[in-house]
Structures are given as structure tokens and as C-alpha cells.
């Protein structure tokens, strides 16, 4: 009796699924026909049910640091829009500018995720804040005198957290490098572990249960504890402000966390927003600078032309002077084109919708997109399309920007639409300042690494002072000899970096 009942339930479930599948298929066909939609080219899956072969291919490419080149080849073979499976669900990949504009602007509400952060963050990125350049100027103030001009790029470790943490929390992370209070102990390592662990879980999708949670959760807890320390300070200041015991002066108005605390007293919300902002801030500027140094070290003619422009600019560097350096802005734009700091992005269809192009043999017909479909785009691939950028698309040629005027959806270094990166101008102007200051101080830059950009690069050195530090294989040098005292100062700073000791700052 029980056996028959179980069998009946299974049969009912199978029949229900088949009926639902048939209904969905008929609905898909009817709506597609009504709007003149056609299917895009399809990825040739070995696994036609779940599409796990594509997942394995991506995982292998990532492990070999070849994901972006492999993705570029995929687009070249299948076209600028194609369909695939993602863990059994439909997925569409496209770099067609018309589709990007549809998803990020004209039909923005049809696609997730919802715009939660931007309304909270956007008011705190006005030009008056990032044009002053106070925080990034302090990157060159680790020691006094000539030695202060030997700026050290350290990838995603301490020194490139200094400017964003000063802007976000009101305290430079450089001041946390020694005599660490309990709230900051192990934060940098935990933040990177939490960051990478979250990325892995997103990439694995429904298979993320395969990853161990213990280390990741511990890293998240450490990061939360660090952020909570500053959130509580901001909320205490908010209480004093509401009680009329203090005012929201200029010193607090320049700090993102305090600006957000003026709007809300929710500590969890503030913690989440500020950690996400830190994640974006350190990744954007650090990666952009690394890419610029990688490129100019391999193109000495570009370096010399850029340095000549920088040296011809009199007086202290400010926003107007930096933006007026046309060739410097060309170099930054070309670095963002070749190696966008945001190379890949995805969305999910929140309802049945339509993309304007990509269907049919010629790729010009609209595509019907059912609810739940995943959409992937690659700004890296978009920025390497020869039909937009010309036959020399793979070359680093800043001069192309003298005449090239791509439209808003052909050049997308910071995404676009309502969810455009709120700090894009801040990142660009800070990178401009750092590059210009480096070129003021160093007469020569050389690459010590002949590997492609997409392979790991683990050192940046300023001969002869910096050794065994993470970053790029690049040497910055001058033609004059530094005095022994200055050289010793540099060595002392590096020793402090290695040992995590406090660095005393001298501001000029």
C-alpha cells in the first residue's frame, strides 16, 4: 500500500514537471514569435542538462590564469551574443552595446540586482571631495625629505589601503600598522580572505557547499569586528549630534562613514555598506595603477612622452592640472580599455523580457529572455572588439584617444547606468596624481617580466631599495645616487612593512 502511494507521488511529480516544462516551452515560443525573437547561437555543451562542462572549463581557465583570454576566444567563435547553460538554467552572454544599454538603462528594472548601495553612497562622491587629493597626497609622506618621494606600490596590502580608509573611516590604515588595537588585529589578511572566499562562492553557485566555511566565516567575523569599531564611533558621534552637543563639522563631512551615519543609525547596514565600499575602493585604484605601471614599463616611448608632459607642468599638482594633461588621461583611458578594472559583470532577469539584438544567424534579431535567465558580459572582450577599436585593438596606443570617441556603451570601464561605480572619478583622479608624482621623481622605468598581463605578477621594485615585495616585476630608477641616510630610511620603511610596525608620517 505504502509502495503504491509512493509510486503515485513520484509519477504525479514527474507528470507535473513535464506539464510545466511543456507550458513554459509553449509560452516561450509564443512570446518569441509575437516579438519577432530568435534564438542566439548556443554553446556546444557536452552536458546538455546542467552545462557542467562549461563550468569545469571556466574553473580550469581560472586556475591557469587564462579565463579572460579563453572567454575572448569563446566570443570570437560563437559571436558577440550566445546562449549556454548555468547549472541547468539558461544563460546569455553578450558584449553587444545595444544589449548593455538595454540592461543597464532602458530596461534596468527588468534586471537584478536592485540599486541598494548607490543612493546611499552617491551623495558622498561630489567633485569637491575627490578633487582635493588630501588622502592620496599622504601616500608620499611616509618619510620626510627626498625619501618621501620614493613611493611604494604594494598591490592590495597596507599602503594602498591608506587613502581609501582615510576617506571611508577617517583614519589611515597606515596608522594601524603598529601597536595594533584589538579591533584591527589581522584585519588586512582577514579582509582579503573574506573577499576571495566570497568570490569563490559566487563563482561556484549551487556548488559552493563544497568549500570549507570555517576559515571564511572567521575572516568575515574579523572584518566585521574591524568595521564595527568605526561604526560605533560614528554612531556615538551621531548621538551627540542629535542631542545638540556637537555639529557635523567639515572634519566629519569629508568621511564617508560619518556622512552615512547622519542618514541612518542602523549599525548592520552601515557595516555592510562601508565594507563593500572598501572592497571597491582598494580594488579599483590598486588594479588601475598596477595596469598602468605594467604598460608604461613595456613602452619606453610612452613613458618618456608622458614624463615630458608631467615635467612641463609647473607648480603643485591639482585636479585641474591633472585633468589638463591630455596624454596622461589618454594613458589612463587606454589602460582601462585594455585591462578594465571591472572585466566581468552579470545580472539575472527579474521578469520575462527582451534583448534587442543577438538572435538569429546574423545576430541582429531580438532575443526573448525568460525570468531567471543569467546574463553575463565581459567589458574586457568589449574593449577588444576590432569592429569598434580597429585592427590594432590589442596594442597599447594612447594616441588613439586623440581621435577616438567611443559611445557610452562601447567603452565601459566602470559599468554604467543607475549602478555605475560611484567612485570612478575619485579612482581616476587619484591614479592620475600617483602616476604624475612617480614620473616627477623617477627618470626610468623598466619591466623585469615578459609574461602576459593576465598571468600573476608578484613584485614591484624600485632599484636598488625594494626587494621581495608583492606587486609587479617593475624597476623605477633615477640617474643620481641617493645619500646613505636616505637609503637607510628606505630600508627602515621596508623593514617596518615586513614586520607590521608603525610608520610615523611627516606631512608637507
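The values are calculated or read from the model by the stated rules, or taken from the named source; none is laboratory data. Computed from a prediction, not measured in an experiment: that's the story for all the values here. All Cβ positions, glycine included, derive from the backbone under ideal geometry; neighbour counts span all protein chains shown.
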Quiz item: Looking at 101, 74, 66, which one is in contact (Cβ under 8 Å) with a residue 40 or more places away in the chain and within 20 Å of residue 394 (Cα to Cα)?
Solution: 66
Self-check item: Some residue of the range 363-382 being farther than 18 Å from residue 106 by Cα, crowded, with 16+ Cβ neighbours inside 10 Å, touching a helix residue (DSSP H, G or I) at 6+ places or on another chain (Cβ under 7 Å) and free of Cβ contacts under 8 Å to residues at least 60 places away in the same chain
Solution: no
Self-check item: Residue pairs meeting the criteria (Cβ under 6 Å; at least 6 apart or on separate chains; first surrounded by 10 or more Cβ atoms within 10 Å (Cβ to Cβ), in the range 2-23; second modelled with pLDDT of 80 or more)
Solution: none
Quiz item: Which of the residues spanning the range 389-400 are surrounded by 17 or more Cβ atoms within 10 Å (Cβ to Cβ) and either under 28 Å from residue 346 (Cβ atoms) or touching a helix residue (DSSP H, G or I) at 6+ places or on another chain (Cβ under 6 Å) (or both)?
Solution: 389, 396, 398
Quiz item: surrounded by 16 or more Cβ atoms within 10 Å (Cβ to Cβ) and at pLDDT below 95: does that describe residue 342?
Solution: yes
Exercise. Run residue 244 past the list (1) part of a loop (DSSP other than H, G, I, E, B); (2) in contact (Cβ under 8 Å) with a residue 12 or more places away in the chain and report the number of the one that doesn't hold.
Key: (2)
Quiz prompt | Residues (within 16 Å of residue 256 (Cα to Cα) and surrounded by 16 or more Cβ atoms within 10 Å (Cβ to Cβ)) located in the range 230-242 | solution = 230, 231, 233, 234, 235, 237, 238
Exercise. Tell me the helices (runs of 4 or more DSSP H) entirely within the range 29-113 that contain at least 2 residues that are surrounded by fewer than 17 Cβ atoms within 10 Å (Cβ to Cβ) and modelled with pLDDT under 90.
Key: 52-63
Practice problem: Look through the range 287-314, keep the residues that are out of contact with any strand residue (DSSP E or B) (no Cβ under 6 Å at 6 or more places or on another chain) and outside any helix (DSSP H, G or I), and return whichever of them is farthest from residue 397 (Cα to Cα). | Solution: 314
Quiz prompt | Boolean, residue 358 is modelled with pLDDT of 85 or more, crowded, with 21+ Cβ neighbours inside 10 Å and outside any helix (DSSP H, G or I) | solution = yes
Quiz item: Within the range 178-191, can one find any residue that is touching a helix residue (DSSP H, G or I) at 6+ places or on another chain (Cβ under 6 Å), assigned to a loop (DSSP other than H, G, I, E, B) and either modelled with pLDDT of 85 or more or under 30 Å from residue 265 (Cβ atoms) (or both)?
Solution: yes
Practice problem: Within the range 276-286, identify whether any single residue is surrounded by fewer than 20 Cβ atoms within 10 Å (Cβ to Cβ), under 30 Å from residue 333 (Cβ atoms) and in contact with a strand residue (DSSP E or B) (Cβ under 8 Å, 6 or more places away or on another chain), and answer yes or no. | Solution: no
Practice problem: Report yes if residue 317 is on the phi < 0 side of the Ramachandran plot, part of a loop (DSSP other than H, G, I, E, B) and in contact (Cβ under 8 Å) with a residue 60 or more places away in the chain, otherwise no. | Solution: yes
Self-check item: Given (1) over 22 Å from residue 343 (Cβ atoms); (2) free of Cβ contacts under 8 Å to residues at least 24 places away in the same chain, index of the condition residue 38 fails
Solution: (2)
Practice problem: Go through 204, 217 for me and flag whichever is surrounded by fewer than 21 Cβ atoms within 10 Å (Cβ to Cβ) and at pLDDT 85 or above. | Solution: 217
Exercise. Sort out which residues of the range 191-232 are over 23 Å from the mean Cα position of the chain (by Cα) and in contact (Cβ under 8 Å) with a residue 60 or more places away in the chain, and write them in order of number.
Key: 206, 207, 230
